[in-house]
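Student: Sharing a structure with you now.
The values are calculated or read from the model by the stated rules, or taken from the named source; none is laboratory data. Everything numeric here is computed off the predicted structure, so don't read it as measured data. All Cβ positions, even for glycine, are placed from backbone atoms using ideal geometry, and neighbour counts span all protein chains on display. Heads up: the accessible areas ignore ligands, DNA and RNA and are worked out on the full protein's heavy atoms, side chains in. Shrake-Rupley method; radii C 1.70, N 1.55, O 1.52, S 1.80 Å.
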Amino acid sequence: MNAEERIIEHYKHPRRRGALAAPTVRERDVNPFCGDEVTIELLLEGDRVVDAAFEGRGCSLSQATASMLLEEIVGKSTAEIRNWGSAEVFAMLGIEIGPVRQKCALLPLNVLHACV
């Protein structure tokens, strides 16, 4: 599966979409330019993410990025997640993203950073 197909797969069949029963933290943000929105809930034990979920609406890029990010974070420390930046997101997506769409791709990371 190439990068574009993987993004579409995560958009059509998102992983970890939904809500947690008792999240430790919940954060939400909206991209004012396009209206994309992402809410992320985390269940933390100490400084480790033990469960994660997201809800949102918007373009395939913002929603697929949320799905892909949350697949990666379970078991990771909050310190490790805080060190993730745009380079990690763009590498995870595996495609070149123009300046306008970068805000869509980075919205879930910004919400995740607010959580940790």
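Student: Collect the residues in the range 96-116 that are open to solvent by 30 Å² or more (accessible area, probe 1.4 Å) and outside any loop (DSSP other than H, G, I, E, B), keeping them in residue-number order.
Tutor: P99, V100, R101, Q102, K103, L106, N110, H113, A114
Student: When both residues are 6+ apart or on different chains and their Cβ atoms are under 6 Å apart, which pairs have a first residue that lies in the range 63-84 and is under 12 Å from V111 (Cα atoms), and a second that is among the charged types (D, E, K, R) and open to solvent by 50 Å² or more (accessible area, probe 1.4 Å)?
Tutor: L70/R16
Student: Let me ask something else about it. List the strands (runs of 3 or more DSSP E) inside the range 1-95, counting only whole elements, that have at least 1 residues being surrounded by 15 or more Cβ atoms within 10 Å (Cβ to Cβ) and among the small types (G, A, S). Talk me through it step by step, then tell me what you get.
Tutor: On the way: elements: 25-30, 37-45, 48-57.
Per the criteria, 48-57.
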